[in-house]
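Visitor: To start, I am sharing the structure in question, which I have written as C-alpha cells.
Every number in this text was worked out from the coordinates using simple rules, so none of it is lab data. Worth saying up front: this structure is predicted, and the values here are computed from it rather than measured. Cβ: placed from backbone, ideal geometry, glycine included. Neighbour counts: every protein chain shown.
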Amino acid sequence: MLLADVVRTSNQVSGTSSRLSKVSLIADLLSQCALQVAAGTASADDIGLATRYLSGSLRQRRTGIELASLSGKSWLSELPTPPEAGVVTLSELDTVMQHASELAGAGSSRVRADLFLSLVRRLTAQEREFVGQLVGRLRGGLRQGALESVVMTAVADAGGVALVDVRRAVAAQGDLPGVAQALLVDGAGALNLFRLMVGRGVSPMLASSAKSVAEALAKTGPAGVEWKLDGIRAQIHKHGNDIHVLTRSLDDITDRVPEVVELISSLPVASAIFDGELIALHSDGRPKPFQETGSRAASRVDPKVASARTPLTAYLFDVLHLDGTDLIDEPGSVRRDVLETAVPPAHLTPRLRVEDVADPAQVDAATAFAADAVARGHEGVVVKADDASYDMGRRGAGWVKVKPVHTLDLVILAVERGNGRRSGWLSNLHLGARDPTGRFGLEGGFVMLGKTFKGLTDEMLRWQSAELPRHAVGPTDGYVLALRPEVVVEIAFDGVQTSPRYPGGLALRFARVVRHRPDKTAIEADTIELVEALHQY
DNA sequence: GTCGGGCGAATTC
DNA sequence: TTCAGACTTATTCGG
DNA sequence: CCGAATAAGTCTGAAGAATTCGCCCGAC
C-alpha cells in the first residue's frame, strides 16, 4: 500500500466535518487495503500501518529527527518534487520512522537528518506535509480530525463487525492497529483472541461527574459510595511472583514502587488484575499533597530510598480477574465482594452501601460520608452503581465522581490571545488575588495565582474580547495583553497547591471561570490571605 | 572532557 | 485534569 | 406507525500546574 493512498484519505478526512463521512472514507481505504492483502499486492502489516498512520491521535515518539534545525528554511516547499514521487510505500515510511526512533539519542543529528531527508526527497509535496506533521515538530502535530474513535468505527465497518466488539478487543489489549490487522486479514473470529490477559494492560474505566452525592445516586441507583483519593491510578497485575504496576496510560512503573509490589506479592492469590489508587499519607493517615505522590510515580532513580522516604499506600477498589476467572462483565457489587475476599480491609477504599436511593435517610448518610472523606483531606467520593460492569476505557454512567468546588473572586491581570477555534478572541486569563498589605509587592497590589481558559462560553469570550482591551496597559508582546487590575471574575477551582512558580507560592488547581463580575471592583476581590487559608497540608 | 543550566517532552492530576 | 460546543444515538411525543 | 423533537451520550479541542528526565550547549 502506498503512502500516497493514506495521505489522500487523510486529506479527504480533514476536509469533511461529518463523522459519518470520515468513517466511510477510512473504512473504504481499509477495505481496499484488505483486498490488496488478499490479492497478494500488499502485506498484512499494511493494514496495521494504515490504521496507525491514519489515527490522528498517533504521536510519533521521539523520532530523533531534528526537524527544528531543518524547518527554518521552509525546506518542505523548497525541495523539488521528483518525477518518481508518489510511489513510496507505507512500509518504507514505517521503516524510516522506526529507524529514526531507534537512533534517537544514539547518533549525531546530522546522520539522522540525512536518513530522513533521503526519504523525504522522494515524496510529493502533500506527502511531505503529512510526514512533517506526523513527526510533530512542525506546528503542533498532525491535525486531521480523525482521532482514534473515528478510526475504530471505520475498522469495525470495514471488518463488518459491531463497534463494541472492536472496542472491547482494543480495550483488552490496547492496540487498535493490531486489532485492525487481525480483523481484516483473519476475519471476525480473530477478535476472540484479543481477550483479557493477566500481564497485559487494560484501558481503565473512568468516571463521569456530578455536583452532589444525591445527583450521583440518582444516576446510579443502588450503589457503593467510595472515598476518592488524590493519588495515582494503578492497575496491578499479579501472575504468581510476576507483578506489574501500570498507570492510567498503562505505563509500567513497577520498578518505581517496590513497596506496592511487596504488598501485592503478600496477597493469597495466584493471579489477579486489580484496579486502585496509590497515595502518600502522613503518619496520621491524612493524605500528603498530590505533588509528593506524583513525584514518586515519576521518579525513576533510587526507588528504595524514595519508598523509604515517601512510602505509597495502595488502596484497591476493583478486581478484573481473579485466579482464572474474568470478572469484567460481573456487576460492580459482585466484583467488590470478590475483592474483599482477596484484599485485607486496610487496602480497600472505605465505602458506604446505599441500598435504596429513594430513601432520604440513606442519601443523607451518603452525603455525610462524603463530607467526612473531605474533612479527612481526601478529594471526595466516587459513587459506583451496583450493577455496573467494568467498562474498559469508557467514561460510563456507572461511576460518578463528586468533588467539592471552591470559588473566589479574582482580578484579571492579563489575557492571552486564543489559538485554533479561539483565534481572534482573547482567551486565557491571568488571575490574581488582592494583596492589601503589600506582602508580595506594592501595597494594594495583586498576586498572580495561575491562569485559566476553561469554563468560557462563546458569549463570555465575545464579552471579554470586547471589554478587556479597554483596560490594557502599556505595549503588548503580541501574545499577552497586560491589563490594569480592574476586572473581576468568579473562579471555581478544586484546591490550592504550593507553587514554585508564582510569587505567592500558591497556585490554583483546575481553575475555571464561572462568570465575569462587572458589578464588582478590584477592591472587592478576595485576598491572598483567604487563599492561604484554603491551602491544606 | 565534565558539570550544570536551560528548555522541551511526557506524564500525573 | 476541566469545560463548552458540535455532533451522534436513543427515546419520547404528536399526528 | 413514522417522522420530528428532545434527551442523553460521545468526541474534539481549547489549555492549567507540577514533576522528572533527556538533550543541547556553554563554561571551566
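Visitor: Sum up the charges of everything whose Cβ sits under 12 Å from the Cβ of A:Arg439, counting Lys and Arg as +1 and Asp and Glu as -1, but leave A:Arg439 out.
Guide: So the environment of A:Arg439 carries a net charge of -3.
Visitor: While we're looking at this one, here's another question. In region A:320-416, which GluC sites (Glu not before Pro) fall in coil by DSSP and have 15 or fewer other Cβ atoms within 10 Å?
Guide: In loop regions of region A:320-416 (DSSP not H, G, I, E or B), the sparsely surrounded GluC sites (Glu not before Pro) are A:Glu355.
Visitor: Given N residues in region A:206-402, what is its alpha carbon radius of gyration divided by 2.2 N^0.38 Å?
Guide: Values: Rg = 16.5 Å, N = 197, 2.2 N^0.38 = 16.4 Å.
Taking the Cα Rg and dividing by 2.2 N^0.38 Å, one obtains 1.01.
Visitor: Measure up A:Lys454/A:Lys520; A:Lys228/A:Lys454; A:Lys288/A:Lys401; A:Lys304/A:Lys451; A:Lys238/A:Lys304; A:Lys288/A:Lys384 against 30 Å on the Cα-Cα distance and list the ones that go over.
Guide: Those over the limit are A:Lys304/A:Lys451.
Visitor: Still on this model: In Å, the Kirkwood hydrodynamic radius of region A:158-272 over pairs of distinct alpha carbons?
Guide: In region A:158-272 this quantity evaluates to 16.9 Å.
Visitor: Okay, next question. Towards the positive end of the charge dipole of region A:287-408, with charges on Cβ (+1 Lys, Arg; -1 Asp, Glu), say which of A:Ala388, A:Ala373, A:Ser307 has the farthest Cα.
Guide: With unit charges placed on the Cβ atoms, the residue in question is A:Ser307.
Visitor: Between rounded, prolate and oblate, where does region A:333-379 land on the alpha carbon gyration tensor, with a ≥ b ≥ c its root eigenvalues, rounded for a/c under 1.5, else prolate if a/b exceeds b/c?
Guide: oblate
Visitor: Based on Cα coordinates alone, diagonalise the gyration tensor for region A:406-536, multiply each eigenvalue by 5, take square roots, and list the semi-axes in whole Å, largest first.
Guide: 23, 16, 14
Visitor: So, one more: Give me A:Phe446, A:Phe510 ranked fewest to most by other Cβ atoms within 10 Å of their Cβ, as a rough exposure proxy.
Guide: Ordered from fewest to most neighbouring Cβ atoms within 10 Å, A:Phe446, A:Phe510 come out as A:Phe510, A:Phe446.
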